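The values are calculated or read from the model by the stated rules, or taken from the named source; none is laboratory data. In this text the structure is predicted, and so the values were computed from the model without any measurement. Here the Cβ positions follow ideal geometry from the backbone for every residue, glycine too, while neighbour counts run over all protein chains shown.
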Amino acid sequence: MTTADLLPPDPPLGTALGVVAGSGRPGPSRIAVPVGSAYVDVGTLAAAQDGPHPALLGAPTLDGLLAAGRPAWREVWEWLTDWLADPERLAPYALPQAGVVPVLPFTVADYVDFYACEQHAANASAIIRAGAGLSENWRHLPVGYHGRAGTVQVSGSPVVRPRGQRGPGDLGPTKALDFEAELGFVLGGHSRGPVPVEEALDHVFGVVLLNDWSARDIQAWESRPLGPHLGKSFATSISAWITPLDELAGAWLDPPPRDPQPLSYLLGKSDRGLDLTLEVRLNGERISTAPAADLYWTPAQLVTHLTTNGAPIRPGDLLGSGTISGPRRDQRGCLLEVTWGGRDGFALSDGTTRHYLNDGDEVSIVASAPRADGSRFSLGEVHGTITP
């Protein structure tokens with residue numbers, strides 16, 4: 001491993017934590033941080049350099065660190081940020097690149113996917129229920145559904161085209177496979193709800209990019225009136241690297257105007273959004289740039305609403321924002337919106353046309369965030385390839 005391997009990309013990745021495994025690392029899977037094109041063994045670094053919580057950082061997953069709570073998270077983030085400021089010091093702790101791959105970094109406890117973007121909700125309503133508009137409850141509470149934690153997978157895992165009922169008497173592989181560009185919020189600590197909105201962010205360890213793969217024909221048929229179910233539960237991909245919430249200190253902004261005003265339990269100083277820009281690429285070609293700043297419901301509100309009935313928070317809970325979309329066609333975060341329910345195809349630069357995803361297509365989602373000094377940094381990518 002050379003110092004050149006530790007040079008950052010442009011824009012550089014922010015401080016992020018994950019787990020790597022494979023033949024190129026000593027012992028079991030290891031907590032690591034990406035630096036340039038290399039992975040640095042965080043546990044070995046902590047043990048050798050008197051870092052904070054060496055037992056937690058030397059573990060094979062992030063589960064213990066997620067359970068430890070915000071004071072421990074901040075100590076680790078501050079310590080890592082200091083070390084990452086001088087990458088040359090990290091060379092002795094870099095893992096060999098050959099045979100080392102990122103894996104799912106934590107045990108997913110529960111997975112809840114929300115519907116927090118007004119533009120996406122309005123578009124989906126117009127497509128699926130022409131003229132119906134937003135549901136009556138949408139501007140009053142963060143709408144969500146409980147997903148399958150067991151089908152959350154790490155970036156790079158293949159996405160097998162699912163089968164299901166597509167209509168009356170019609171069982172087969174989906175003909176309308178879609179992506180959804182989202183943020184995922186990884187929770188930690190322990191708490192029996194309700195969690196007040198001012199304490200909600202104390203339970204958010206960090207942010208991942210999330211692709212909530214969707215089979216639109218299966219989803220449409222089964223969601224009458226309940227759902228979604230099998231149209232969503234076959235795969236959800238998250239980035240291998242979790243960006244700690246402290247790393248996003250320069251990205252907070254005020255939420256968009258709301259009418260009516262949410263109930264008081266959803267209001268407070270923690271009710272703030274994140275100014276992140278997501279970019280969706282299909283087979284390497286950019287097809288959408290989605291602004292997370294437009295999310296109507298904020299991370300603190302998602303946590304608080306999730307727990308307001310007394311539901312607990314467990315380490316490893318994962319909350320999805322729902323599809324992120326802006327007002328223009330090139331800002332829509334899923335093909336349901338880009339093609340308006342499959343009606344309007346779009347051409348790629350190779351001359352092919354898409355309405356939904358073909359076998360062999362690769363979808364990748366990247367994102368960047370601002371720092372307080374005006375510079376930007378990248379979050380870990382999430383990508384997946386469709387297989388038959």
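Being surrounded by fewer than 20 Cβ atoms within 10 Å (Cβ to Cβ) and of a type in the set (A, V, I, L, M, F, W, C) is the filter here; which residues of region 113-131 pass it? Steps first, please.
The first filter runs over region 113-131 and keeps only residues surrounded by fewer than 20 Cβ atoms within 10 Å (Cβ to Cβ), leaving 118, 122, 125-131.
The answer is Ala122, Ala126, Ile127, Ile128, Ala130.
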Of the listed residues (Thr61, Thr44, Thr81), the one being surrounded by fewer than 15 Cβ atoms within 10 Å (Cβ to Cβ) and either touching a helix residue (DSSP H, G or I) at 6+ places or on another chain (Cβ under 7 Å) or not assigned by TED's automatic domain parsing to the domain that holds Leu319 (or both) is Thr81
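Just to verify a result, which residue in region 313-331, among those that are in a loop (DSSP other than H, G, I, E, B) and under 12 Å from the mean Cα position of the chain (by Cα), is surrounded by the fewest Cβ atoms within 10 Å (Cβ to Cβ)? Lay out the reasoning, then the answer.
First, the residues of region 313-331 that are in a loop (DSSP other than H, G, I, E, B): 314-317, 321-328.
Add one more test, that the residue is under 12 Å from the mean Cα position of the chain (by Cα), and what stays is 321-324.
On the way: Ser321: 30, Gly322: 30, Thr323: 27, Ile324: 31.
Among them, the one singled out is Thr323.
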Applying the selection to region 24-72, what residues are farther than 23 Å from Asp202 by Cβ, of a type in the set (Lys, Arg) and not in a strand (DSSP E or B)? Arg25
Out of region 273-304, which residues are touching a Phe, Trp or Tyr at 6+ places or on another chain (Cβ under 8 Å) and not small (Gly, Ala, Ser)? Leu274, Asp275, Val280, Ile287, Trp297, Pro299, Leu302, Val303, Thr304
So, Gly189, is that one small (Gly, Ala, Ser), within 18 Å of Pro105 (Cβ to Cβ) and in a strand (DSSP E or B) or not? no
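Right, Glu198: surrounded by 22 or more Cβ atoms within 10 Å (Cβ to Cβ) and either in contact with a Ser or Thr (Cβ under 7 Å, 6 or more places away or on another chain) or touching a residue at least 60 places away in the same chain (Cβ under 8 Å) (or both) or not?
On the way: surrounded by 22 or more Cβ atoms within 10 Å (Cβ to Cβ): no; either in contact with a Ser or Thr (Cβ under 7 Å, 6 or more places away or on another chain) or touching a residue at least 60 places away in the same chain (Cβ under 8 Å) (or both): yes.
It is false that Glu198 is surrounded by 22 or more Cβ atoms within 10 Å (Cβ to Cβ) and either in contact with a Ser or Thr (Cβ under 7 Å, 6 or more places away or on another chain) or touching a residue at least 60 places away in the same chain (Cβ under 8 Å) (or both).
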Qualifying positions in region 252-277 - assigned to a strand (DSSP E or B) and touching an Asp or Glu at 6+ places or on another chain (Cβ under 8 Å): Trp252, Leu253, Gly273
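Here's the yes/no breakdown for (1) basic (Lys, Arg); (2) under 30 Å from Tyr145 (Cβ atoms); (3) modelled with pLDDT of 95 or more:
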residue	(1), (2), (3)
Trp79	no, no, yes
Asp86	no, no, no
Leu95	no, no, no
Val103	no, yes, yes
Tyr111	no, yes, yes
Glu118	no, yes, yes
Ala122	no, yes, yes
Every residue from region 90-112 that is surrounded by 15 or more Cβ atoms within 10 Å (Cβ to Cβ) and free of Cβ contacts under 8 Å to residues at least 60 places away in the same chain: Tyr93
Answer with yes or no whether Pro158 is touching a strand residue (DSSP E or B) at 6+ places or on another chain (Cβ under 9 Å), modelled with pLDDT of 95 or more and surrounded by fewer than 14 Cβ atoms within 10 Å (Cβ to Cβ). yes
Restricting region 209-251 to residues that are among the polar types (S, T, N, Q) and outside any strand (DSSP E or B), the one surrounded by the most Cβ atoms within 10 Å (Cβ to Cβ) turns out to be Ser239
Region 98-141, residues that are under 18 Å from Gly341 (Cα atoms) and either of a type in the set (D, E, K, R) or in a helix (DSSP H, G or I) (or both): Glu118, Gln119, His120, Ala121, Ala122, Asn123, Ala124, Ser125, Ala126, Ile127, Ile128, Arg129
Confirm whether Phe377 is within 30 Å of Pro244 (Cβ to Cβ) and either touching a Lys or Arg at 6+ places or on another chain (Cβ under 8 Å) or in the same structural domain as Thr289 (by TED's automatic domain parsing) (or both). yes
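Just name the residue that is nearest to Gln301 (Cα to Cα) out of those in region 168-205 that are of a type outside the set (Ser, Thr, Tyr) and at pLDDT below 95.
As a first pass, look at region 168-205 and keep what is of a type outside the set (Ser, Thr, Tyr): 168-173, 175-190, 192-205.
If we keep only those that are at pLDDT below 95 as well, we get 190, 192-193.
On the way: His190: 18, Arg192: 16, Gly193: 13 Å.
The residue in question is Gly193.
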Only unsatisfied item for Gly374, checking (1) farther than 25 Å from Ala126 by Cα; (2) surrounded by 18 or more Cβ atoms within 10 Å (Cβ to Cβ); (3) modelled with pLDDT under 95, is (2)
